[in-house]
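Notes for the one structure printed next.
Bear in mind these aren't lab numbers, they're just calculated from the coordinates by the rules spelled out. Note that the coordinates shown come from a computational prediction; the quantities given were computed from them, not determined experimentally. Because the Cβ atoms are built from the backbone with ideal geometry, glycine has one as well, and the counts that use them run over all protein chains shown.
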Amino acid sequence: MIPTIDIAPLHAGDPDDVVARAIGAACRASGFFTIVGHGIPEALGDDLLRASRAFFALPEPVKSAIAMARGGRAWRGYFPVGGELTSGVPDVKEGLYFGRELPADDARVRAGLPLHGANLFPDEVPELRGLVHAWMAAATDVARLVMAAIARSLALPSGYFATTWMQDPTVLFRIFHYPPAASDDRWGVGEHTDYGVLTLLLQDDAGGLEVQSRGTWLSVPPRRDALVCNIGDMLDRMTGGLYRSTPHRVRNLSGRDRYSFPLFFDPSWDARIAPLPGTPLPTDDALARWDRTNIHAFDGTWGEYLVGKVARVFPDLFRSL
C-alpha cells in the first residue's frame, strides 16, 4: 500500500523531522507516496479539470492549432492520442505540454535550449492560461517543501538541493487525457520511471494509476484532497540507489475519460548529476530495471539526460528540430 503523509507540518519547518522521516521511509520502500495538507485549494484543481475537459472536447483540428510542432524547440503544446511513445509503443492518451514561461529575449531561449520558451494556449478556452500558471506556481511551492524534507531525510540541510543541483530548477507541467481503454491490454501509458527528481501528480477520480512495489502492481486510489508524489531517475542516481525511481503505468478501465496533471520538479538544466557526498558506490541494477539501463553510469548534465529521453518519446518531433 502506498503511504499517505500529511505534510502540513512542513509549512512550519517540520521542527521534529516527523514528515521528513516518513518521506524518507516511503522513498526507500517504494519511491511513491501520497500527500495531504499541501495547502493547494481544491477549487483550483476543480477549475483546472473543468478547463481541461473543455479543451480536450474540442475538434481535433482546433486542438492541433497549438500542436507541439508549432512550439519549436520549446516543445510546448498539444499532441494527439498515440502521439507520445513509451518504450516505442504509442500511449493511449493525448496531452498538453507546458513549462516555465520565458520571453523571446531570455538568454536560454536565444541560445536555442530545448524545452525553454513560451507556452501555447487555446483561444477557445481562455481561462486555461491563468489556471495553468496558478497551478504551476502553487505546485512548485509544494515541491520545494517536499524537497526540503527529502534533504532532511538524508541528514542534509533542508536547503541542500536548492543550493546545489536545483538552484534554477527545471519545472515542466503536463495535462493528460486518457480515453477509456478499448481493451484491457491497451495502456494509457506503459511501464516507465520518471526521469528527474520529483513528480507531483493531481489525478481525477477515474483511477488507473499502478505502481510496482516488490514485484507486485499496486493501485493508487485517487483522492480529491491529495497529490501523488514519486521520485525519478536522477534522485535514484544521486542517492546511489537508496531512493529508487519506481516503475508505474496507467490503464483507464473506468469506462469514462481520465485526466491527470503531473508537475515535474527537476534539476537546473546545466547541473551535472553525481552521487551525494559519502554515497556508497551503487551496484549495476540494469537487469532489474524496466528499461535495462544502468542510470548510475550516466555522466552528464540534467539537460543532456532529459533531451535524450524526450527524443525517444517524440522521435518525429525531435528529428524535425
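What the table shows:
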| quantity | calculated |
| --- | --- |
| Euclidean distance between Cα centres, the stretch 67-130 to the stretch 145-197, Å | 18 Å |
| Packing-based order for 260-272, 154-166, using average beta carbon neighbours within 10 Å, highest first | 260-272, 154-166 |
| Sequence of R214, R28, R100 once ranked by neighbouring C-beta atoms within 10 Å, starting from the fewest | R214, R28, R100 |
| Whole-number D in µm² s⁻¹ for the stretch 122-261, Kirkwood Cα-pair radius fed into Stokes-Einstein, 37 °C, 0.692 mPa s | 197 µm²/s |
| Separation of alpha-carbon centers, the stretch 274-297 and the stretch 4-61, rounded to whole Å | 28 Å |
| Calculated Cα extents along the principal axes in Å (choose from (i) 54, 49, 42; (ii) 108, 76, 32; (iii) 53, 43, 41), label | (iii) |
| V18/R223 FRET efficiency (R0 25 Å; Cβ-Cβ; nearest 0.05) | 0.75 |
| Spin-label pair A297/L44, simplified geometry with 7 Å Cα→Cβ offset, distance in nm | 4.2 nm |
| Calculated FRET efficiency for the pair E304/E124, C-beta based, R₀ 25 Å, to 0.05 | 0.10 |
| Sorted by Cβ density within 10 Å, fewest first, the residues S153, S52 | S153, S52 |
| For the chain, calculated [θ]222 nm from helices alone, where every DSSP H run of n ≥ 4 adds -39500 (n - 2.57) | -8000 deg cm²/dmol |
| Beta bridge orientation in the stretch 4-320: antiparallel %, DSSP, nearest 5 | 90 percent |
| Rg/Rh for the stretch 173-221, where both radii come from Cα atoms and Rh is the Kirkwood radius | 0.94 |
| Sequence-separation-based contact order of the stretch 4-320, relative, with Cα cut under 8 Å and 6+ spacing, percent | 20 percent |
